[in-house]
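Only the coordinates and a few stated rules stand behind these numbers; no lab work does. Note that this is a predicted model, so its numbers are computed, not measured. In this analysis, Cβ positions are derived from the backbone assuming ideal geometry, glycine residues included, and neighbour counts consider all displayed protein chains.
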Amino acid sequence: MSEPKRGEKFRQLADELRRGIAEVRWPEGRLPTEQQLAKDQGVSLNTVRRAVDLLVNEGLVYRRQGSGTYVQTEQPRTGPVIGAIVPSMTYYYPRIIAGIESELSRNGAQLLLRSTGYDLAQETQAVESMLAAGAQGLLIVPELSARAGAHAYLDGLGLPLVLVERRFRSGGDVHEFVCSNHAAGGYLAARHLLTLGHRTVAFLARSSPHAAEVAQGFREALAHRGLEPGLEHTTGRWTAADAESCLDRLLAEGCTAALCFADREATLLVAAAAKRGLAVPGDLSVIGYDDEIADLSAVPLTAISPAKQAVGRLAVQALLRRLAEPDAPLQQHLVVPALAVRESTGIHSP
């Protein structure tokens, strides 16, 4: 595994601490000292302090002067037991988990947390373990495309559930969900580039359940200006060579800007442009998606930033409402991402 970029270590440590909190790794509620964490994790004291500061801002922990850092458990955990099943604890989902944890804590509910690694068998095992542990409701990011008969499977679980960042997108979509509106994210990105004067714009993506949604919004924003994408290309996980190939293609099509799904791909494209002697944003404007590592790029990336903590909080609210009012109408929530403008986009002068 490659070494984290400068400035990224504190985020990785914050993710590890979030996992520890969710797994009740410190049952007494007190985190190890900052000095001990620095030693155990092999990082600087400043990295530890930045990670803990992030968790303090999220409301997951608090510092007690002269005593240490404690998990925020002021609300008694006397409410329902809620299971949360996510595919990853290292990318995208830590902030959703933070939103889930803070909202459950505020309502005195208990959390059971499992990660599946995007594996269907592990998802099934996680669901079974949640049911065996007495979960009264589930928050789940299911692998819908990988499971035959997904509707029947979810219906057959026999307890209230809310899908998180996944939905069926069909007439049979009769499950409650809270999802980012990724089509709106693509629309916002394209609109930003069009406002800056770009008219020939590329959409470049890695394969993902959300890439098609982002592309849809991207196309609609261009269509509203009577334009079509200068280039659309989706492939598997990118390498540096893939980024250079994409750069060749977008330059051949006369593109002056690109929306990349996701941050990593945008970062690789910026590096390919620099290798070619092109300036970002002078010669090429680039927008990333997810806003996970966008600010760590060599040129800090303008990015579409899904409201991940809000998604987690709203999912909990929807599930607790369902538990309290079993016969209430089903609700489905789409949360529009934000546009975080940084240094990688600029005005295009034809």
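A few remarks follow.
- Likely footprinting exposure, ILE85, ILE140, ILE347, fewest C-beta neighbours within 10 Å first: ILE347, ILE85, ILE140
- If the segment from LEU330 to GLU8 were pulled out straight at 0.36 nm per residue, it would be longer than the present Cα-Cα gap by 111.9 nm.
- Modelled label positions at TYR153 and ARG64, each set 7 Å beyond Cα in the direction of Cβ, lie 4.4 nm from each other.
- Computed lengthening from THR124 to ALA274, 0.36 nm per intervening residue step minus Cα-Cα distance: 49.5 nm
- Nearest-20 debye value, the range 179-328 charge dipole, Cβ charges on Lys, Arg, Asp, Glu: 140
- Exposure proxy order (Cβ contacts within 10 Å, fewest to most) of ASP15, ASP291: ASP15, ASP291
- Listed residues LEU259, TYR187, ALA307: farthest to the positive end of the dipole of the chain (Cβ charges): ALA307
- Electrostatic dipole magnitude of the chain [Cβ: Lys, Arg +1; Asp, Glu -1; Cα centre; debye, to 20]: 640
- For LEU31, the residues 5 or more places off, or on other chains, whose built amide H falls under 5 Å of its own are THR69, TYR70, VAL71.
- Net charge contributed by nearby residues that have their C-beta within less than 10 Å of GLN125 (K/R +1, D/E -1): -2
- Environment charge of ARG219, counting only residues whose C-beta is closer than 14 Å and scoring Lys/Arg +1, Asp/Glu -1: -2
- Applying a length cut-off of 15 Å (Cα extent along the axis) and a mean Kyte-Doolittle floor of 0.0 to the DSSP H helices of the chain leaves 45-58, 120-132, 182-195, 211-223, 240-252, 263-275, 308-324.
- Counted over the chain, the DSSP beta bridges are approximately 20% antiparallel.
- Dividing the summed -39500 (n - 2.57) terms of all DSSP H runs of n ≥ 4 by the residue count of the chain sets its mean residue ellipticity at 222 nm at -12500 deg cm²/dmol.
- Annotation for ALA146 and LEU323: the two label points, set 7 Å from Cα along the Cα-Cβ direction, are 2.7 nm apart.
- Rounded to the nearest 20, the size of the Cβ-charge dipole of the range 263-350 about its Cα centre is 40 debye, with Lys and Arg at +1 and Asp and Glu at -1.
- Additional length obtainable on full extension of the chain from ASP283 to GLU228, 0.36 nm per residue less Cα span: 17.7 nm
- Farthest toward positive dipole pole in the range 214-350 [+1 Lys/Arg, -1 Asp/Glu at C-beta], among ALA271, LEU330, LEU247: LEU330
- Residues SER297, SER44, sorted so that the one with the fewest Cβ neighbours within 10 Å comes first: SER44, SER297
- Cα→Cβ-extended label distance, 7 Å offset, between ARG106 and SER170, nm: 3.5
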